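Here's the structure we're looking at; comments come further down.
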Amino acid sequence: MMRKTAAWPLAWIYTVLIVYASLYPFDNWRVQGISPWSFLSAPLPKYWTGFDVLSNVLGYAPLGFLLALALHRTQRDWPPIVIATLAAAALALAMETLQVFLPVRVPSNVDAALNVIGAWLGAVAARTLTWVGLIERWSRFRDRWFVTDAGSALVLLAVWPMALLFPAPVAFGLGQILERFEAALADLLEGTPWLEWMPLREVELQPLLPMSEMLCVAIGLCLPCWLAFSVLRERRQRFIVACLWLVVGVAASALSAALTYGPVHAWGWVSTEVAMGFGLAVVGAGGFIFASARMCLVMALVALVWQLSLLNNASADAYFSLTLQTWERGQFIRFHGLIQWLGWLWPYATLLYLVRRLSSVKSMMVD
């Protein structure tokens, strides 16, 4: 019997990340007077580094792994290694071909070949884990811990730590996009008559008050816990997952600070408001361990809307804006800059999921 798997949505998400990393900065597209496939017959590059080889191989390995795993779980009559490798090869060739039209990118037959090798290694790893029984063990573990339709929630939970890696104005405050969206829209409409149609604010956005920042921190940490509570089977499992996810959130934020400001500043983001917000999150997560799954979903939805309202009616401080420019113009952009989209979109994807779950007629009571 075929079953739903989180591998498919994760594979699609990873594909989008590959496209973003391969085609950034998405501007100055032009025809350069050469064949789009000329890179296939180009001579091998004279200079290369171990980092180039490793990044190209490892960049596509997760894609091959996820595709092979998804095929094994849903299309067992198909050869997963072959299909996963061919799909990754098609994507790699498409990305290298499109790079011909980007002056700042250099297409390479070696890069494409290394991408395919990485995808093949990932697919082989998935089949190997299946052969030794580890995938089946994960299936049994998932059946014991999570309800049947937990796939979407598991995807959101898996993406959350990665979304925290891009620096945010408020710790765990994902989805603060209104100010940047308005600025980007104004730049886009500059010089056109539609610019006058943009509504003007009567009052400039102000930074969050300490109490509001504390609430945003607490809600940001509680959201993945409440989300997990809605798909876990037993209440003792909720306690374990809550502890784990609080630790994961703090660790991801510390890693983000270390990447942004340097390792010695890994804990510089822990202010008084953040510490108080963490304590409030412990209380908020612990208080819902014995609540029903529906109550956890309702609380998550209300709190998420509240947090987004607070964040998007506040401005980022000037110091954070300078930090963001460093990320967007510096060495992080190809590998970490794309993570900003996860941080911006994760809350809204979660919002849609919560609305869909709450509108469902299925019972959501914890076993």
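The values are calculated or read from the model by the stated rules, or taken from the named source; none is laboratory data. Keep in mind it's a predicted model, so treat the numbers as computed, not measured. Cβ placement follows ideal geometry from the backbone for every residue including glycine, while neighbour counts extend to all protein chains displayed.
Side notes on the structure shown:
- Screening W120 on (1) under 21 Å from A68 (Cα atoms); (2) surrounded by fewer than 17 Cβ atoms within 10 Å (Cβ to Cβ); (3) aromatic (F, W, Y); (4) modelled with pLDDT of 90 or more shows it passes everything except condition (2).
- Segment 63-90: number of residues that are surrounded by fewer than 19 Cβ atoms within 10 Å (Cβ to Cβ), touching a residue at least 60 places away in the same chain (Cβ under 8 Å) and in a helix (DSSP H, G or I): 1
- Within segment 192-213, if we keep just the residues that are assigned to a loop (DSSP other than H, G, I, E, B) and at pLDDT 75 or above, the residue that is farthest from M276 (Cα to Cα) turns out to be T192.
- When F288 is tested against the conditions (1) touching a residue at least 24 places away in the same chain (Cβ under 8 Å); (2) closer than 18 Å to M211 by Cβ, the lone failure is (2).
- Residue within segment 344-359 that is part of a loop (DSSP other than H, G, I, E, B), in the same structural domain as L255 (by TED's automatic domain parsing), at pLDDT below 95 and of a type in the set (A, V, I, L, M, F, W, C) present: no
- Within segment 148-176, tally of residues that are of a type outside the set (D, E, K, R) and under 18 Å from P9 (Cα atoms): 15
- Residue in segment 256-269 that is at pLDDT 90 or above, hydroxyl-bearing (S, T, Y) and on the phi < 0 side of the Ramachandran plot present: no
- Residue match in segment 102-117 (condition: within 26 Å of L345 (Cβ to Cβ) and either in a helix (DSSP H, G or I) or at pLDDT 90 or above (or both)): yes
- Selection status of T130, more than 25 Å from A6 (Cβ to Cβ), touching a residue at least 24 places away in the same chain (Cβ under 8 Å) and of a type in the set (V, I, T): no
- Screening segment 152-182 for residues that are surrounded by fewer than 20 Cβ atoms within 10 Å (Cβ to Cβ) and not hydrophobic (A, V, I, L, M, F, W, C) and picking the one that is nearest to F229 (Cα to Cα) gives S152.
- Residues located in segment 271-313, provided they are more than 30 Å from R235 (Cα to Cα) and not in a helix (DSSP H, G or I): S271, N313
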